[in-house]
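First comes the structure, then the notes that go with it.
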């Protein structure tokens with residue numbers, strides 16, 4: 001790449017925070033809605049330490065943990081807590097669909113028809 005060219009990449013928006021903190025000249029396109037991936041937490045119905053598991057879930061879902069995750073660039077499901085990105089408070093996260101193997105194969109074929117004509 002020659003001087004003056006601007007590289008463009010598609011990635012998770014949290015990397016704007018991660019690599020920006022390390023000095024990389026990164027930014028993101030500000031859109032009203034952006035795709036997101038869900039993160040899930042569960043406790044077994046027969047845990048070895050049920051109270052410890054419940055305490056961890058309570059901590060993980062609390063304000064302190066949500067602030068830690070947001071500081072790392074994650075969008076969290078807590079009102080008023082946002083990653084340190086300009087305009088992050090205006091973004092509406094829309095969760096992506098997860099496909100099973102057959103659905104993924106169907107979508108692959110569909111997109112190949114569109115993009116590999």
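Quick notes
- Given (1) modelled with pLDDT under 90; (2) on the phi < 0 side of the Ramachandran plot, number of the condition residue 48 does not satisfy: (1)
- Take the conditions (1) at pLDDT 90 or above; (2) part of a loop (DSSP other than H, G, I, E, B); (3) over 16 Å from the mean Cα position of the chain (by Cα); (4) surrounded by 11 or more Cβ atoms within 10 Å (Cβ to Cβ); residue 103 misses just one of them, which is (2).
- The single condition from (1) modelled with pLDDT of 90 or more; (2) assigned to a loop (DSSP other than H, G, I, E, B); (3) surrounded by 11 or more Cβ atoms within 10 Å (Cβ to Cβ) that residue 54 fails is (2).
- Whether a residue is at pLDDT 90 or above and either within 18 Å of the chain's Cα centre (by Cα) or under 26 Å from residue 13 (Cα atoms) (or both) was assessed, and residue 64 passes this test.
- Residue match in the stretch 83-90 (condition: touching a residue at least 60 places away in the same chain (Cβ under 8 Å), surrounded by 13 or more Cβ atoms within 10 Å (Cβ to Cβ) and touching a strand residue (DSSP E or B) at 6+ places or on another chain (Cβ under 6 Å)): no
The values are calculated or read from the model by the stated rules, or taken from the named source; none is laboratory data. None of the values given here were measured: they were computed from a predicted structure. Cβ: placed from backbone, ideal geometry, glycine included. Neighbour counts: every protein chain shown.
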